[in-house]
Amino acid sequence: MIKDIEVYIILFMVYSVIGWVMEVVLGLLERHKFVNRGFLIGPYCPIYGFGTVAITLLLGNFMKTINDVSLVDSIWISSIVIICICGALEYFTSYIMEKLFHARWWDYKNFKFNINGRICLETLIPFTVIGQFILRVTSPMLINALINIPTFLLHIISGTIVIVLIVDVSISYNIIHSFKKISSETKDSTEEITKKVKEIISKSWRGRRLVSAFPNVDIIKNRIRQTVEEGKEKIEKKKKEIEDIIEKKQRNKK
């Protein structure tokens, strides 16, 4: 049981690194420069690891009974499951990230057949094709190779991966969460907020890397500014209401 968990931890990291490489290559093709993609500091994108491990776990038993199903039917059935897994994972990751950090990290609103801008058919189809290759070729090969690794070595590799991820997630979360804290720490000056955001970005390598990887992170600054402006408007409105009440009472006394 423990060995199986360790195998899937390593499998998760392998696919996370492959996903990061794919993102970097796409970035080179689209923006003609190297962009260290991903939410975390290290060269890995966990969403790819979670997706491929989920596909492998959920469809692994199905592939073992593939002899009872025609190839066409097996492809159709597994494709439907894969597209559901990828779609659900990407949608809820986008949703959770937005709720945590008040920013949309990717947006497909300009793509056809999208759902709330979080997922779209144009990206799900390639993921489904890749998922089929992973399910039928790479995952079985990798699992067979990992199973043959000595147990003590599996302990070391999987344990190291878990520690690295915990440290990375903690540091990355704190850096990004600092954007969110600005709105509560600074309430009087929009210029001061902008200044603090720039300080975070300029002083922190992680901040610069984040902005490079996710250009939409600027939305955080804009939303903070919007929140402050709305807060100031509410305060001014309340102030005016209180002044009106006081003025009215003074008139009544006279």
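The values are calculated or read from the model by the stated rules, or taken from the named source; none is laboratory data. Only a predicted model underlies this, so the values are computations on that prediction, with no experimental measurement involved. Reconstructed Cβ throughout: ideal geometry from the backbone, glycine too, with neighbour counts over all protein chains shown.
Any idea which of (1) closer than 26 Å to Val17 by Cβ; (2) modelled with pLDDT of 85 or more; (3) small (Gly, Ala, Ser) is the one Gly60 doesn't satisfy?
It is condition (2) that Gly60 fails.
Yes or no: segment 20-33 includes at least one residue that is part of a loop (DSSP other than H, G, I, E, B), modelled with pLDDT under 95 and not charged (D, E, K, R).
yes
Taking segment 126-143 as the region of interest, how many residues are more than 16 Å from Asn61 (Cα to Cα) and in contact (Cβ under 8 Å) with a residue 40 or more places away in the chain?
Here the count works out to 3.
List the number of the failed condition for Tyr173; all other conditions in (1) assigned by TED's automatic domain parsing to the domain that holds Val17; (2) over 16 Å from Ser16 (Cα atoms); (3) of a type outside the set (A, V, I, L, M, F, W, C); (4) assigned to a helix (DSSP H, G or I) hold.
(1)
From the residues in segment 87-124 that are under 21 Å from Tyr173 (Cβ atoms) and of a type in the set (Val, Ile, Thr), which one is farthest from the chain's Cα centre (by Cα)?
So the residue we want is Ile96.
Please work out if Cys84 is closer than 30 Å to Ser172 by Cβ and touching a Phe, Trp or Tyr at 6+ places or on another chain (Cβ under 8 Å).
Considered against the rule, which asks whether it is closer than 30 Å to Ser172 by Cβ and touching a Phe, Trp or Tyr at 6+ places or on another chain (Cβ under 8 Å), Cys84 comes out as no.
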